[in-house]
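Each remark here refers to the structure printed beneath this line.
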Amino acid sequence: MTRGEKLYEGKAKIVYATADPEVYVQDFKDSATAFDGKKRGTIGGKGRMNNAISARLFTLLEERGIATHFLGWESETAMRIHRLDMFPVEFVVRNLAAGSLSKRIGYPEGTALKNPPIVEYYYKDDALGDPLLCMAHLNELQVISPEDLAEATAMAKQANAILVEFFARRGLTLVDCKLEFGKDARGAIRLGDEISPDTCRFWDSETGEKLDKDRFRRDLGGVEDAYAEVLRRIER
């Protein structure tokens, strides 16, 4: 498919228009950032691996009844996607305490949650640092209707349950994941963005080894190998 105008370039992806106004091309980059862009670097092969991982997981979710933006492979680093009007809200689904949740509530990383999963909402605004929102904030900002919020939250929980089971069979614990949603031309809500070690925490179920972007954030080394291991396991 011929790529047209570059519509958007973010920290990890570039989105291009095509001849079909309802179809875009999403191209994954090797660049990596953390801490709201304060830390920058490159992860060799990340674009190729995240494209492959996301394609596999979107296909899985589609097969299980979750509508996504995925339409098919475009190249080694790119996929064809539905055009979506994205909600400016990130849905973070947490199965265990880790990262910022551990810091906020004082749980050591890996602590089991009493009533998992917890779904948190973050406002997609770089200037504000993508802050955590409570329900009162969402009602004040009116960036998503209560009906759309409820539907997307239900989809996020359903997708999480499918992914938890999928990864468990491959010796991986899905600690948490960031999901983004939007509406297609017909007004149907679809899961968009990506599902990858950039947006999820994956731990080896036996050893607890981190196999995700935390290896980059925390200077743990072996970042490329961790992404490659996730890809290897989901291809089983």
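The values are calculated or read from the model by the stated rules, or taken from the named source; none is laboratory data. The structure presented is a predicted model; accordingly, all values stated were derived computationally and were not measured. Here the Cβ is made from the backbone with ideal geometry for all residues, glycine too, and neighbour counts use every protein chain on show.
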Among the residues that make up the stretch 43-64, is at least one of them part of a strand (DSSP E or B) and either within 23 Å of residue 189 (Cα to Cα) or of a type outside the set (A, V, I, L, M) (or both)?
no
Selection over the stretch 123-146 where residues are part of a loop (DSSP other than H, G, I, E, B) and closer than 24 Å to residue 104 by Cα yields a count of 6
Would you be able to tell me the number of residues in the stretch 73-95 that are part of a strand (DSSP E or B) and over 20 Å from residue 5 (Cα atoms)?
8
The stretch 5-51, residues that are farther than 16 Å from residue 192 by Cβ, crowded, with 20+ Cβ neighbours inside 10 Å and either hydrophobic (A, V, I, L, M, F, W, C) or outside the structural domain of residue 74 (by TED's automatic domain parsing) (or both)
43, 49
For the stretch 168-177, does any single residue satisfy the condition of being closer than 29 Å to residue 20 by Cβ and not assigned by TED's automatic domain parsing to the domain that holds residue 21?
no
For the stretch 83-100, does any single residue satisfy the condition of being at positive phi and modelled with pLDDT under 95?
no
Kindly indicate the residue of the stretch 130-145 that is within 21 Å of the chain's Cα centre (by Cα) and free of Cβ contacts under 8 Å to residues at least 40 places away in the same chain and also nearest to residue 38 (Cα to Cα) among those meeting that condition.
131
Can you name the residue in the stretch 1-58 that is among the aromatic types (Phe, Trp, Tyr) and out of contact with any His (no Cβ under 8 Å at 6 or more places or on another chain) and, of all such residues, is modelled with the lowest pLDDT?
35
Scanning the stretch 16-30 for residues that are assigned to a strand (DSSP E or B) and within 16 Å of the chain's Cα centre (by Cα) gives 26, 27, 28
